[in-house]
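Structure first, commentary second.
Values quoted throughout were computed directly from the atomic coordinates according to the rules given, and no laboratory measurement underlies them. Note that the coordinates shown come from a computational prediction; the quantities given were computed from them, not determined experimentally. Virtual Cβ from ideal backbone geometry, glycine too; neighbours counted across all protein chains shown.
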Amino acid sequence: MVSLAFLLFRAVASVLRADDGHPATLDDWKRAVRVRFPGVPQISTADLALWLSDTHRPRPVILDVRPMAEFTVGHLPGAIQIDPSAGPEKVRRVVGTNPAPVVVYCSVGWRSSALARELGNAGFTNVANLEGSVFAWANEDRPLEADGHPATRVHPYNRVFGRLLRPEKRAVP
């Protein structure tokens, strides 16, 4: 079954194209996510990196909202993979009933913003989407891991969206 979020994701992808027919930029996707999910708090990659380096702040629970096949290629250090279709009850089982702040991400922020909105509607009070998600994080040479070891690449989702990643950051699916 194809989800409504996925269909909207594909529809926006087909519309947001540069004049030469190439896919939209990652900045275009950031804007599209903010427009589509106006109530979802966004945290920049720079702000999350500062937060993670601050030992005086409670560490957020970081949820990677991509399928396992994408997660295993490369993800933010310490991230927990959760299925994109996971609902609030599944997230509660993973993070507990009174979790630390939660930061969610996917490839560009669409799937994770959908989950963040759903979590907010279910009573989670401290959830934010990582703006630009793992593509922005990787493009900025921020740390990644795979199988407990440093990684340098991430899953491109598909060929079209892979163009949003710097070439040396794209893993071939």
Rounded to the nearest 20 debye, dipole of the stretch 39-127 from Cβ charges on Lys, Arg, Asp, Glu: 140 debye
Two-site label geometry, residue 80 and residue 56: point separation in nm, points 7 Å out along Cα→Cβ: 2.8 nm
Kirkwood Rh (inverse of mean 1/r, distinct Cα pairs), the stretch 4-169, angstrom: 16.0 Å
Full-stretch length increase - residue 126, residue 158 - with 0.36 nm per residue and alpha-carbon distance subtracted: 8.4 nm
Karplus 3J(HN,Hα) series, Hz, for the stretch 113-126 with 6.51 cos²θ - 1.76 cosθ + 1.60 (x for Gly, Pro): 5, 4, 5, 4, 4, 4, 5, x, 5, 8, x, 5, 9, 9
Cα gyration tensor shape of the stretch 82-135, rounded if a/c is under 1.5, else prolate or oblate by comparing a/b with b/c: prolate
FRET efficiency estimate (nearest 0.05) - Cβ-Cβ, residue 89 to residue 25, R0 45 angstrom: 0.80
Residue 144 long-range amide H proximity, modeled H, under 5 Å: 151
Integer Hz, Karplus 6.51/-1.76/1.60 couplings in order for the stretch 25-35, x for Gly and Pro: 7, 5, 5, 4, 5, 4, 5, 4, 5, 4, 5
Total formal charge among the other residues, if their Cβ is under 14 angstrom from that of residue 144, Lys/Arg +1 and Asp/Glu -1: -1
